[in-house]
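A quick write-up on the structure given underneath.
The values are calculated or read from the model by the stated rules, or taken from the named source; none is laboratory data. Here the structure is a predicted model, which is why all the values come from computation and not from measurement. FYI the Cβ positions are ideal-geometry reconstructions off the backbone, even for glycines, and counts take in every protein chain you see.
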Amino acid sequence: MNRDDLQKLSRIRVKEAKVLLDSGYFNGAYYLLGYSVECALKACIAKQVMRYDFPDKQLTTGSYTHNLNHLITTARLRDELDDEIRNDPDFQTNWTIVRDWSEQSRYIHETSEAEARSLYSACTARGKGVLSWIRRYW
(Lines give C-alpha, C1' and ligand atoms only; values in the text may rest on other atoms or scores of the structure.)
Protein backbone atom coordinates (compact mmCIF):
# COMPACT_ATOMS: atom_id res chain seq x y z
CA MET A 1 0.00 0.00 0.00
CA ASN A 2 1.15 3.49 -0.71
CA ARG A 3 0.02 6.91 0.48
CA ASP A 4 -2.54 7.34 -2.31
CA ASP A 5 -4.04 3.92 -1.55
CA LEU A 6 -4.38 4.78 2.13
CA GLN A 7 -6.00 8.14 1.36
CA LYS A 8 -8.52 6.48 -0.97
CA LEU A 9 -9.20 3.71 1.52
CA SER A 10 -9.86 6.25 4.27
CA ARG A 11 -12.43 8.04 2.11
CA ILE A 12 -14.08 4.80 1.01
CA ARG A 13 -14.40 3.54 4.59
CA VAL A 14 -16.21 6.74 5.59
CA LYS A 15 -18.69 6.29 2.73
CA GLU A 16 -19.23 2.66 3.66
CA ALA A 17 -19.71 3.61 7.30
CA LYS A 18 -22.37 6.14 6.31
CA VAL A 19 -24.28 3.46 4.38
CA LEU A 20 -24.10 1.11 7.37
CA LEU A 21 -25.09 3.87 9.77
CA ASP A 22 -28.11 4.81 7.68
CA SER A 23 -29.10 1.14 7.45
CA GLY A 24 -28.96 0.55 11.20
CA TYR A 25 -25.71 -1.44 11.26
CA PHE A 26 -24.06 0.56 14.01
CA ASN A 27 -21.29 -1.90 14.95
CA GLY A 28 -19.95 -2.01 11.40
CA ALA A 29 -20.25 1.76 10.96
CA TYR A 30 -18.37 2.38 14.19
CA TYR A 31 -15.56 0.01 13.24
CA LEU A 32 -15.15 1.42 9.73
CA LEU A 33 -15.07 5.01 10.95
CA GLY A 34 -12.17 4.27 13.27
CA TYR A 35 -10.47 2.33 10.52
CA SER A 36 -10.81 5.35 8.22
CA VAL A 37 -8.92 7.44 10.80
CA GLU A 38 -6.27 4.72 11.07
CA CYS A 39 -5.79 4.73 7.29
CA ALA A 40 -5.59 8.53 7.21
CA LEU A 41 -2.88 8.53 9.87
CA LYS A 42 -0.97 5.83 8.02
CA ALA A 43 -1.12 8.03 4.90
CA CYS A 44 0.60 10.74 6.97
CA ILE A 45 3.26 8.24 7.97
CA ALA A 46 3.72 7.10 4.37
CA LYS A 47 4.35 10.72 3.37
CA GLN A 48 7.51 10.62 5.49
CA VAL A 49 9.08 7.85 3.41
CA MET A 50 10.86 9.17 0.35
CA ARG A 51 10.93 7.15 -2.83
CA TYR A 52 13.83 4.69 -2.86
CA ASP A 53 14.75 5.45 0.76
CA PHE A 54 15.03 2.62 3.19
CA PRO A 55 12.46 3.43 5.91
CA ASP A 56 13.55 4.11 9.46
CA LYS A 57 13.02 1.06 11.69
CA GLN A 58 11.19 3.03 14.39
CA LEU A 59 8.87 4.54 11.79
CA THR A 60 8.18 1.14 10.29
CA THR A 61 7.60 -0.57 13.62
CA GLY A 62 5.40 2.27 14.86
CA SER A 63 3.23 2.01 11.75
CA TYR A 64 2.13 -1.53 12.47
CA THR A 65 -0.46 -0.74 15.09
CA HIS A 66 -4.14 0.08 15.22
CA ASN A 67 -3.75 2.37 18.23
CA LEU A 68 -4.66 5.89 17.07
CA ASN A 69 -2.62 7.58 19.79
CA HIS A 70 0.49 5.65 18.79
CA LEU A 71 -0.13 6.43 15.13
CA ILE A 72 -0.34 10.16 15.96
CA THR A 73 3.11 9.90 17.51
CA THR A 74 4.54 7.86 14.64
CA ALA A 75 3.10 10.35 12.14
CA ARG A 76 4.95 13.06 14.09
CA LEU A 77 1.72 14.94 14.69
CA ARG A 78 1.70 14.98 18.50
CA ASP A 79 2.63 18.67 18.81
CA GLU A 80 0.13 19.68 16.12
CA LEU A 81 -2.59 17.63 17.82
CA ASP A 82 -1.84 19.17 21.20
CA ASP A 83 -1.98 22.67 19.68
CA GLU A 84 -5.30 21.96 17.96
CA ILE A 85 -6.79 20.53 21.15
CA ARG A 86 -5.59 23.54 23.14
CA ASN A 87 -6.92 26.08 20.61
CA ASP A 88 -10.20 24.51 19.51
CA PRO A 89 -12.66 23.13 22.07
CA ASP A 90 -14.86 21.61 19.33
CA PHE A 91 -11.91 19.69 17.93
CA GLN A 92 -10.93 18.64 21.45
CA THR A 93 -14.38 17.13 21.93
CA ASN A 94 -14.14 15.32 18.61
CA TRP A 95 -10.67 13.94 19.34
CA THR A 96 -11.86 12.73 22.76
CA ILE A 97 -14.56 10.69 20.99
CA VAL A 98 -12.24 9.31 18.30
CA ARG A 99 -9.09 8.56 20.31
CA ASP A 100 -10.61 5.66 22.24
CA TRP A 101 -11.63 3.72 19.13
CA SER A 102 -10.08 0.26 18.99
CA GLU A 103 -9.88 -2.33 16.27
CA GLN A 104 -11.26 -4.70 18.90
CA SER A 105 -14.64 -3.09 18.28
CA ARG A 106 -14.99 -5.38 15.28
CA TYR A 107 -15.17 -8.34 17.65
CA ILE A 108 -16.68 -7.36 20.95
CA HIS A 109 -18.06 -3.85 20.86
CA GLU A 110 -21.83 -3.47 20.97
CA THR A 111 -22.36 -0.04 19.51
CA SER A 112 -25.46 2.00 20.12
CA GLU A 113 -26.85 4.25 17.44
CA ALA A 114 -25.81 7.26 19.51
CA GLU A 115 -22.19 6.04 19.77
CA ALA A 116 -21.97 5.36 16.04
CA ARG A 117 -23.48 8.72 15.10
CA SER A 118 -21.25 10.50 17.59
CA LEU A 119 -18.15 8.91 16.09
CA TYR A 120 -19.35 9.72 12.58
CA SER A 121 -19.82 13.36 13.51
CA ALA A 122 -16.47 13.53 15.34
CA CYS A 123 -14.69 12.14 12.30
CA THR A 124 -16.47 14.06 9.57
CA ALA A 125 -17.48 17.45 11.03
CA ARG A 126 -16.59 20.10 8.50
CA GLY A 127 -13.49 21.98 9.62
CA LYS A 128 -13.59 20.57 13.16
CA GLY A 129 -13.60 16.84 12.45
CA VAL A 130 -10.64 14.60 13.10
CA LEU A 131 -10.42 13.51 9.47
CA SER A 132 -10.44 17.12 8.24
CA TRP A 133 -7.57 17.85 10.59
CA ILE A 134 -5.54 14.79 9.53
CA ARG A 135 -6.02 15.63 5.84
CA ARG A 136 -4.04 18.83 6.36
CA TYR A 137 -0.98 16.64 6.86
CA TRP A 138 -1.38 13.72 4.51
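The figures follow:
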| quantity | calculated |
| --- | --- |
| Residue in the stretch 32-52 that is surrounded by fewer than 20 Cβ atoms within 10 Å (Cβ to Cβ), in a helix (DSSP H, G or I) and without any contact (Cβ under 8 Å) to a residue 24 or more places away in the chain present | no |
| Within the stretch 77-102, considering residues that are touching a residue at least 24 places away in the same chain (Cβ under 8 Å) and either more than 16 Å from the chain's Cα centre (by Cα) or not in a helix (DSSP H, G or I) (or both), the one surrounded by the most Cβ atoms within 10 Å (Cβ to Cβ) | Trp101 |
| Failed item, numbered, when Gln92 is tested on (1) touching a His at 6+ places or on another chain (Cβ under 9 Å); (2) more than 18 Å from Trp138 (Cα to Cα) | (1) |
| Residue list for the stretch 103-124, filter: within 13 Å of the chain's Cα centre (by Cα) and buried (at least 16 other Cβ atoms within 10 Å of the Cβ) | Leu119, Tyr120, Ala122, Cys123, Thr124 |
| The stretch 1-24: number of residues that are assigned to a loop (DSSP other than H, G, I, E, B) and at pLDDT 95 or above | 2 |
| In the stretch 125-138, the residues that are among the small types (Gly, Ala, Ser) and surrounded by fewer than 15 Cβ atoms within 10 Å (Cβ to Cβ) | Gly127 |
| Some residue of the stretch 49-65 being under 14 Å from the mean Cα position of the chain (by Cα) and among the aliphatic types (A, V, I, L, M) | no |
